[in-house]
């Protein structure tokens, strides 16, 4: 899941060999010109008012969205009263976690749904 826009934009810039200073400059300009507050989307620092049971699935091989913010949110979620389950897949690209290990993926989803729907 994309939980930290700034981290994601920095990762995408690194992949495309865009200088970090240019990334920071463009996010600043975007904020000033059209009002996007990238920090507003950092759920670890600004969680939603309603926090339903949530299953997050992320991969260590995701080059589109960094895994760090997902791990960070999963770590602080219990202290925020947010029932969260985190399932990490090794070395799958973005949205390809099921392809990497269908059995483990389906097991994680099934366990989560059973826990939520039939406690």
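The values are calculated or read from the model by the stated rules, or taken from the named source; none is laboratory data. Keep in mind that this is a model prediction, so the values were computed, not measured. Note that each Cβ is placed from the backbone with ideal geometry, even for glycine, and that neighbours are counted across all protein chains shown.
Pairs meeting the criteria (first residue in the range 69-85 and on the phi > 0 side of the Ramachandran plot and part of a helix (DSSP H, G or I), second residue at pLDDT 95 or above and surrounded by 17 or more Cβ atoms within 10 Å (Cβ to Cβ), beta carbons under 9 Å, at least 6 apart or on different chains) are lacking. Reported count of residues in the range 11-37, each being over 14 Å from the mean Cα position of the chain (by Cα), under 16 Å from residue 65 (Cα atoms) and touching a residue at least 12 places away in the same chain (Cβ under 8 Å), is 3.
Only one entry of 57, 95 meets the criterion of being surrounded by 12 or more Cβ atoms within 10 Å (Cβ to Cβ), within 13 Å of the chain's Cα centre (by Cα), modelled with pLDDT of 95 or more and farther than 16 Å from residue 7 by Cβ, and that entry is 57. Test residue 104 against the stated conditions and say whether it is touching a residue at least 60 places away in the same chain (Cβ under 8 Å), closer than 30 Å to residue 115 by Cβ and part of a helix (DSSP H, G or I). In short, no.
Just checking, does the range 30-52 include any residue being loosely packed, with under 14 Cβ neighbours inside 10 Å and touching a strand residue (DSSP E or B) at 6+ places or on another chain (Cβ under 9 Å)? No, the range 30-52 has no match at all.
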